[in-house]
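Data block below; observations after.
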Amino acid sequence: MFKKFQRWKKDQSDAVRNLSEKKRELLKSEIPDHVAIIMDGNGRWAQKRALPRIMGHHEGMKVVRHITKTANELGIKVLTLYAFSTENWKRPKPEVEFLMKLPVEFLGTFLPELIEENVQVRIMGDATALPPHTLKAVNQAIDDTKHNTGLILNFALNYGSRYEMMEAMKAMMKDHQEGRVKEPLSEELFSTYLMSGGLPDPDLLIRTSGELRVSNFMLWQLAYTEFWFTDVLWPDFTDALFVQAVEDYQNRGRRFGGV
Ligand SMILES: Cc1cc(N2CCCCCC2)n2ncc(-c3ccc(F)cc3)c2n1
């Protein structure tokens with residue numbers, strides 16, 4: 001028994017050493033400025049264990065902390081996480097109420113660490129529909145971290161890309177019709193009206209749980225993004241898998257439509 005424990009302990013320390021080595025290797029090549037993640041598979045993770053779905057969401061929230069740390073360590077500039085879509089309101093009321101408490105719990109637990117690590121919290125989505133307790137916690141975090149200059153942790157919260165694009169188009173057309181647009185209408189100008197305005201487009205999109213869809217997520221912004229899929233469910237997603245995704249990204253030759 002003791003020998004088994006010794007072996008397990010050595011394997012653990014080898015794994016940590018190998019991961020640190022892999023992170024050092026990554027830093028010798030191009031680190032993506034912006035990584036976006038569709039954090040899928042939380043309900044299935046719970047169902048596989050005969051647990052309530054909300055336990056999967058709660059477990060998924062803990063993974064957010066680890067991946068944020070690793071992204072910040074690697075010098076990634078923006079990490080966008082798809083936390084709640086406009087379609088998620090259709091879920092059972094108790095599940096939605098639980099989900100709307102997760103930002104409060106996450107920030108209540110981790111905001112001091114995020115501030116310590118110079119992380120800037122942002123959200124992208126229609127905040128008007130969020131419950132008061134959720135909005136209060138998010139706005140507090142945005143205010144407390146607005147001067148931070150490290151990783152931008154951008155939560156897509158009550159976000160839908162088609163809604164975002166329609167709102168941007170309406171705003172740009174209104175400005176244009178009322179004479180506030182002093183330049184030709186362009187893709188660059190339109191991008192400034194999106195909720196992701198000011199952020200670079202994602203270089204790498206990660207989606208967990210084996211789904212091969214973008215699910216109304218950043219449809220405009222993903223035009224030239226590298227996609228990386230894994231069957232692993234979000235609650236089981238690890239730093240090592242995140243590092244693997246970035247390493248695979250580095251090994252792809254992006255052409256932005258060129259030859
Ligand atoms: C709705 C929701 C769901 C949510 N899940 C955990 C991660 C897996 C995906 C679904 C469930 N997480 N995880 C973190 C947040 C969050 C959002 C905004 C913010 F400012 C701070 C934290 C969150 N929000």
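Yes/no matrix, rows are residues, columns are (1) in contact with a helix residue (DSSP H, G or I) (Cβ under 6 Å, 6 or more places away or on another chain); (2) not hydrophobic (A, V, I, L, M, F, W, C):
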position	(1), (2)
25	no, yes
44	no, yes
51	no, no
80	no, yes
98	yes, no
101	no, yes
104	yes, no
116	no, yes
### Message
Here is a list: 185, 194. Which entry is over 25 Å from residue 246 (Cα atoms) and surrounded by fewer than 17 Cβ atoms within 10 Å (Cβ to Cβ)?
### Response
185
### Summary
Within segment 233-253, the residues that are free of Cβ contacts under 8 Å to residues at least 40 places away in the same chain and touching a strand residue (DSSP E or B) at 6+ places or on another chain (Cβ under 8 Å) are 248, 252
### Message
For segment 3-61: of the residues being within 16 Å of the ligand (Cβ to nearest atom) and of a type in the set (S, T, N, Q), which is nearest to residue 200 (Cα to Cα)?
### Response
42
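Here are 81, 74: which of them is of a type outside the set (Lys, Arg) and closer than 21 Å to residue 126 by Cα? Full working, then the answer.
Numbers: 74 fails: closer than 21 Å to residue 126 by Cα.
None of the others qualify; the one that does is 81.
On the basis of being surrounded by 13 or more Cβ atoms within 10 Å (Cβ to Cβ), of a type outside the set (Ser, Thr, Tyr) and in contact (Cβ under 8 Å) with a residue 40 or more places away in the chain, does residue 117 make the cut?
Values: surrounded by 13 or more Cβ atoms within 10 Å (Cβ to Cβ): yes; of a type outside the set (Ser, Thr, Tyr): yes; in contact (Cβ under 8 Å) with a residue 40 or more places away in the chain: yes.
Taking the combined requirement at face value, the residue satisfies it.
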### Query
Of these, 86, 80, which one is β-branched (Val, Ile, Thr), crowded, with 20+ Cβ neighbours inside 10 Å and more than 8 Å from the ligand (Cβ to nearest atom)?
80
### Message
Looking only at residues that are under 22 Å from residue 224 (Cα atoms) and assigned to a loop (DSSP other than H, G, I, E, B) in segment 173-196, which one is nearest to the chain's Cα centre (by Cα)?
### Response
196
### Query
Give me the pairs: first residue in segment 54-81 and closer than 16 Å to residue 40 by Cα, second residue of a type in the set (Lys, Arg) and within 9 Å of the ligand (Cβ to nearest atom), beta-carbon distance under 7 Å, and six or more apart or on different chains, which are they?
none
### Task
Report yes if residue 167 is surrounded by 14 or more Cβ atoms within 10 Å (Cβ to Cβ) and either outside any loop (DSSP other than H, G, I, E, B) or not acidic (Asp, Glu) (or both), otherwise no.
yes
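Filter segment 89-126 for residues that are assigned to a loop (DSSP other than H, G, I, E, B) and within 10 Å of the ligand (Cβ to nearest atom); which is nearest to residue 191 (Cα to Cα)?
Step one: filter segment 89-126 for residues assigned to a loop (DSSP other than H, G, I, E, B), giving 91-92, 100-101, 117-119, 125-126.
Subset that is within 10 Å of the ligand (Cβ to nearest atom): 100-101, 125.
Working: 100: 28, 101: 31, 125: 15 Å.
Among them, the one singled out is 125.
Any idea which residue in segment 125-172 is nearest to the chain's Cα centre (by Cα), counting only those that are β-branched (Val, Ile, Thr) and modelled with pLDDT of 95 or more? So that I can check it myself, show each step before the final result.
Of the residues in segment 125-172, the ones β-branched (Val, Ile, Thr) are 128, 134, 138, 142, 145, 149, 152.
Then drop every residue that is not modelled with pLDDT of 95 or more, which leaves 134, 138, 142, 145, 149, 152.
On the way: 134: 18, 138: 15, 142: 16, 145: 17, 149: 18, 152: 10 Å.
Residue satisfying both the conditions and the ranking: 152.
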### Message
List pairs: first residue in segment 220-232 and among the charged types (D, E, K, R), second residue surrounded by fewer than 16 Cβ atoms within 10 Å (Cβ to Cβ) anywhere in the structure, Cβ distance under 8 angstrom, at least six positions apart or on different chains.
### Response
226/252; 226/254; 231/210
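Give 13, 20, 29 a once-over and let me know the one that is outside any helix (DSSP H, G or I) and small (Gly, Ala, Ser). Let's see the steps before the verdict.
Details: 13 fails: outside any helix (DSSP H, G or I); 20 fails: outside any helix (DSSP H, G or I).
Selected residue: 29, the only one of 13, 20, 29 that is outside any helix (DSSP H, G or I) and small (Gly, Ala, Ser).
The values are calculated or read from the model by the stated rules, or taken from the named source; none is laboratory data. All figures in this text were calculated on a predicted structure; none of them were measured in a lab. Cβ atoms come from the backbone with ideal geometry, glycine included; neighbour counts cover every protein chain shown.
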